[in-house]
1. State, as an integer percentage, the relative contact order of the range 136-301 based on alpha-carbon contacts under 8 Å between residues 6 or more apart.
2. Give me the dipole magnitude in Debye, nearest 20, for the chain about the Cα centre, with unit charges on the beta carbon: positive for Lys and Arg, negative for Asp and Glu.
3. Hey, fewest Cβ within 10 Å first, where do Trp127, Trp188 land in order?
4. Taking square-rooted eigenvalues a ≥ b ≥ c of the alpha carbon gyration tensor, is the chain rounded, prolate or oblate, where a/c under 1.5 means rounded and, failing that, a/b exceeding b/c means prolate?
5. First check a/c for the range 204-272, with a ≥ b ≥ c the square roots of the eigenvalues of its C-alpha gyration tensor; if it is under 1.5, answer rounded, and if not, answer prolate when a/b is larger than b/c or oblate otherwise.
6. Note down the magnitude of the dipole of the range 136-301 about its Cα centre, charges +1 on Lys and Arg C-beta and -1 on Asp and Glu C-beta and zero elsewhere, to the nearest 20 debye.
7. For the range 118-130, in order, what is each residue's ³J(HN,Hα) by Karplus, 6.51 cos²θ - 1.76 cosθ + 1.60 with θ = phi - 60°, in whole Hz (x at glycine and Pro)?
8. I want to verify a result. In a Gaussian network model of the chain, Cα cutoff 10 Å, which of these has the top mean-square fluctuation: Ala22, Ala268, Ala57?
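Every read-out reported here was derived from the displayed coordinates using simple, explicitly stated rules and does not represent laboratory data. Because the structure is a prediction, the values reported are computed rather than measured. For neighbour counting, all protein chains shown are included, and Cβ atoms are generated from backbone atoms with ideal geometry for every residue, glycine included.
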Amino acid sequence: MNTTTVPPSRRVLADCVRTATAAPSLHNSQPWRFRLDGPVVDVYADPARRLEVIDPAGREQLISVGAAVLTLRLAIEQAGYRCETTPFPSPAEPELVARVVAGAPTAVSATTEALAAAIPHRHTNRWPFAQLPVPPEALRRLVDAARHEGAVLTIATPAGRDRILAMAAEAGRRLQGGPGYHAELDRWAGQGVRHDGVAPWAVGPWDALEAVPVRDFGELSELRPAEPFEPYPTILVLATAGDARPDWLRAGQALQRVLLTATWQNLATTPISQPVEVPQARRLLTDPATGLSAQMVLRVGYGKVAGRSPRRPLSEVLLPDRAR
Ligand SMILES: Cc1cc2nc3c(=O)[nH]c(=O)nc-3n(C[C@H](O)[C@H](O)[C@H](O)COP(=O)(O)O)c2cc1C
């Protein structure tokens, strides 16, 4: 018997794209664009939204786009369709990062349900966390989430944590002294009403204990109070086996799967990327014997609910249909 499959309608896929834009991105740059074509959603990196000073290779841009790809995949699956993802499907279009094709209708798995439900609740939390240990079982789920996407998540030992936090603080100072740093920060973390960039209300305090290296957000940091953060934060390092564009895309998908798995377990999260933006620090984040490349540092713990950061409307991220 022949069966015909009905692909999701354009409206369903447009809704999935809107959901995908809830993904995290470096300084909320939202460096993605999407093109719909029948059951196909092409996901592009937007070169105009790359942070050339702190992300010259576009590594964090591809991590951000990868986070949107994972979110899109979950949204399509949650809508009741299989989906297949091809990384970099067209060498002629280097900005075309992934082609996601919605396929036959299928039952929604319990994991997809849980992760998809977490999408609107995941926010970067830059506030102090409770002085409560994260249970090993919860951490194991985060490690599994990274592995599911082909990445490696390592939980820092107490000595490793202190070393990473000190390195992150030093990396932050080095970045601040670099050419163009402040101008770029002003572009992405300035005052005023806008649909992108770091939201003033999402910035949080400085750590009075100076243990957690919260990110400098320039002008927005000026009025930041200081409050004691948890003295022994739980710190994780996300890494990949390679360090080329497909690995950065993979890292982004793994990052978002880890963040959503954390959210689902009521864990708050803070990406800390200063140490991966300074090559000398980045090299020290992984054991050379493993051959892994560090892609992101994460802090996880129990925090109060953090506010939502704005997103650009669908009309700004959807590209016109391909000419026929
Ligand atoms: C590649 C990448 C790097 C990031 N680096 C940092 C960071 O160093 N410090 C920080 O506070 N947030 C960092 N973030 C979080 C973004 O600032 C955040 O995702 C964005 O502002 C949108 O807010 P939301 O995560 O609450 O939706 C990073 C996110 C990504 C994807």
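1. 31
2. On the way: 36 positive and 33 negative charges, 114 e Å.
In debye, rounded to 20, the chain gives about 540.
3. Trp127, Trp188
4. Prolate is the answer for the chain, as a/c is 1.5 or above and a/b outweighs b/c.
5. prolate
6. Values: 17 positive and 19 negative charges, 87 e Å.
In debye, rounded to 20, the range 136-301 gives about 420.
7. 7, 3, x, 9, 7, 9, 6, 10, 9, 9, x, 9, 5
8. Largest GNM mean-square fluctuation: Ala57.
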